[in-house]
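The values are calculated or read from the model by the stated rules, or taken from the named source; none is laboratory data. Please read these numbers as outputs of a predicted model, since none were measured by experiment. Note that each Cβ is placed from the backbone with ideal geometry, even for glycine, and that neighbours are counted across all protein chains shown.
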Amino acid sequence: MRRAAGDSGSQLSHYFANKESLVRAVVDWQAESVLGFHRSERFAGFDTIQAYQEWADFVVVSGRPFENGCSLGSLASEIVKTDLDVRDDLTRIFAEWRDIFRAGLERMQYDKRIDASADPARLAHMLIAPYQGGSLLAQIARDVAPLRDALYAAVEHLRVYTTSDDVV
């Protein structure tokens, strides 16, 4: 962290009271990046199957899984091993991410574009989990196939709940 900031430990301590506050700031910064991306207009609120397909396509084509996996997931996996009390922060952030997907699925359900039997919260988890696991496997293998296959399978599962042909 000091190397990236170009500051000494004493300079960082000027801005952060302790290690936990520094880690929280890093988590918040990374979360804002991930959540902001998912809240952008690029995917139109995730209220069409096409938006989820475009998201999966973007993630697969972007090549990011080969760098560090999912930036938020990788950070979280390192932090939970520590004694820092940030688990609630991470839980909240992943819930916000899930809720972006859930809200789009609920709109689709309200508009009767997906079946009433669909569980938006469960389906939202079903989108994040393959992203996390697929990113890790892609990073390890240096091959996008695990991520691509997991995300495309998740989107295909969403299609099972579509109620009209116009929801591609």
Among 42, 24, 3, which is the only one that is in a helix (DSSP H, G or I) and modelled with pLDDT under 60? 3
Among the residues of the range 80-89, is there at least one that is touching a helix residue (DSSP H, G or I) at 6+ places or on another chain (Cβ under 9 Å), of a type outside the set (S, T, N, Q) and either modelled with pLDDT of 90 or more or closer than 20 Å to residue 37 by Cα (or both)? yes
Residue tally, condition of a type outside the set (S, T, N, Q) and touching a Cys at 6+ places or on another chain (Cβ under 7 Å), over the range 110-168: 1
